[in-house]
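First the structure, in the form of structure tokens, and then the observations on it.
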Amino acid sequence: MKTNSNTYTVIYSAVMVVIVAFLLAFVSQALKSRQDANVALDIKKQILNSLNLRGLSDADAEAKYQEVVKQEETAGEGLTLYTCEIDGEPKYVVNVKGMGLWGAIYGYISINADKQTVYGAYFNHDSETAGLGAEIKDSQKWQELFQGKQIFKDGEVMLGVEKKVENPDFEVDAVTGATLTSNGVRDMLRDKKTGIGAYVELLKNK
């Protein structure tokens, strides 16, 4: 076959595409278990962050998670209640999901034994603006503002984020310059299906 013919070019290209696709599929499959393990470890670190256990190495995070997390219960699709123990005291961690300005936001809220006050919080995002909405993840100082806040009032979730705080027992200042992302965090926390409200019955039984 002539190497400068159109037929040769088409066949050569097709063969190369098949070979490359096979190699990519092989590498992806070979690395899948490691990728899954990394994702699982990242989730464990986020849960520990919400329990104010931050900055741990991978090995220490794995060991600490096994130490403090005592039980996991499903609260709905993609929602889990984690029963934990810190210094002999029970803590409850819930994961919440919502939408920010540009994409999904999510987080973990740890709750004290009274099932009424926040022990700690950690938030994450897919695509919020760096230096603005991304501060929900990047600013530990902002996340720490949630500590000690009240969650429920008359059975309803009142914990939230406001541009102008009028009820400091329940509310946290919005991230400067990120009103829509902050509103997303507020709505996420109060959502009855994917927020803290989804865990009311499970918490009552604790």
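In table form, for the structure just shown:
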| quantity | calculated |
| --- | --- |
| Whole-Hz ³J(HN,Hα) from phi, Karplus 6.51 cos²θ - 1.76 cosθ + 1.60, for segment 122-131, glycine and proline x | 9, 10, 9, 7, 9, 7, 6, 5, 4, x |
| Degrees between helix 58-68 axis and first principal axis of the chain (Cα, 0 to 90, nearest 10) | 40 degrees |
| Spatially proximal lysines relative to LYS45 (Cα-Cα < 22 Å; intrachain offsets below 8 disregarded) | LYS32, LYS64, LYS70, LYS91, LYS97, LYS137, LYS141 |
| Relative contact order, percent, segment 97-206 [alpha-carbon distance under 8 Å, six or more residues apart] | 25 percent |
| Mean separation of Cα contacts under 8 Å, 6 or more apart, over the residue count of segment 87-134: relative contact order % | 32 percent |
| Nonlocal amide H pairs with LEU53, under 5 Å, H built at 1.01 Å | none |
| Cleavage-rule hits, GluC sites (Glu not before Pro), segment 158-206, DSSP coil, Cβ neighbours within 10 Å at most 11 | GLU166 |
| Cut-off 18 Å (backbone N to label point 7 Å along Cα→Cβ of LYS204), residues of segment 152-169 | 152-158 |
| Förster-model FRET efficiency, 41 Å R0, THR74 and TYR8, C-beta, rounded to 0.05 | 0.10 |
| Positive-end residue, segment 24-113 charge dipole about Cα centroid, Cβ charges, pick of ILE111, ALA25, SER57 | ALA25 |
| Total charge dipole magnitude, segment 92-141, about the Cα centre, Cβ charges on Lys, Arg, Asp, Glu only, Debye to nearest 20 | 140 debye |
| Candidates VAL69, VAL161, VAL20: whichever shows maximal mean-square fluctuation once the chain is modelled as a Gaussian network with Cα springs under 10 Å | VAL20 |
| Partner aspartates and glutamates for LYS149 [C-alpha distance under 15 Å; skip if fewer than 8 residues away on the same chain] | ASP114, GLU162, GLU166, ASP169, GLU171, ASP173 |
| Nearest-ten-degree value, helix 6-50 long axis tilted from longest Cα axis of the chain | 20 degrees |
| CD proxy at 222 nm, helix term only [per DSSP H run n ≥ 4: -39500 (n - 2.57); per residue of the chain; nearest 500] | -13000 deg cm²/dmol |
| Only Lys, Arg (+1) and Asp, Glu (-1) charged, at Cβ; segment 88-196 dipole about Cα centre in debye | 220 debye |
| GNM result for the chain, Cα springs below 10 Å: residue of ASN183, ASN49, ASN38 fluctuating most strongly | ASN38 |
| Crossing angle, helix 179-190 versus the chain [Cα axis fit, 0-90 degrees, rounded to tens] | 70 degrees |
| Student exercise, segment 1-135 dipole from Lys, Arg, Asp, Glu Cβ charges, in Debye to nearest 20 | 640 debye |
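Every number in this text was worked out from the coordinates using simple rules, so none of it is lab data. A quick note: this is a predicted structure, and the numbers were derived from the prediction, not measured. In this analysis, Cβ positions are derived from the backbone assuming ideal geometry, glycine residues included, and neighbour counts consider all displayed protein chains.
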